């Protein structure tokens, strides 16, 4: 599956899974998808079916270890973990902290770091 198709499938799955909270989920998943497109190594983007009906696990690399993005039904947030799915999330992207979290993770310093590590 191509990067754009993986990302599109993830976004659609998260929107379906979060349809009860659509007004909260849509801006979050669109902002995360935009950040991934802007800062990730596009060759690293892949989708893993998690069988949870929530869009699966989207993997992407930003010049370091692969990062896992996964929607959590219970919190209505997209969780970010490095290298695997175990342990506490490094970040949670949600409606309440969206602008700050998006800027902190995908902002200028992340883009500069990713640009330095791309071939």
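Once the Cβ-Cβ distance of residue 2 and residue 30 is raised to the sixth power relative to R0 = 22 Å, the FRET efficiency obtained is 0.70.
Set the Förster radius R0 to 22 Å, insert the Cβ-Cβ distance between residue 75 and residue 9 as r into 1/(1 + (r/R0)^6), and round the FRET efficiency to 0.05. Numbers along the way, then the final one.
Values: r = 22 Å, r/R0 = 0.99.
So, using R0 = 22 Å, E works out to roughly 0.50.
Taking only the alpha carbons of region 1-42, we obtain Rg and Dmax values of 10.6, 32 Å in that order.
Sorting the Cα pairs of the chain by distance into bins of 10 Å, from 0 upward, gives 15, 50, 32, 4, 0 percent per bin. Using only the alpha-carbon atoms, how far is helix 3-17 inclined from the longest principal axis of the chain? Give it as 0 to 90 degrees, nearest 10. Helix 3-17 sits roughly 30 degrees off the main axis of the chain. Taking 0.36 nm per residue of separation and subtracting the Cα-Cα distance, full extension of the segment from residue 100 to residue 41 would add 19.0 nm.
Can you give the angle from 0 to 90° between the axis of helix 108-117 and the longest principal axis of the chain, with both taken from C-alpha atoms, to the nearest 10? In the chain, helix 108-117 runs at an angle near 50 degrees to the longest axis.
Bear in mind these aren't lab numbers, they're just calculated from the coordinates by the rules spelled out. If you're wondering where the values come from, they're calculated on a predicted model, not measured in any experiment. A quick note on method: Cβ atoms are made from the backbone with ideal geometry, for glycine too, and the neighbour counts reach across all protein chains shown.
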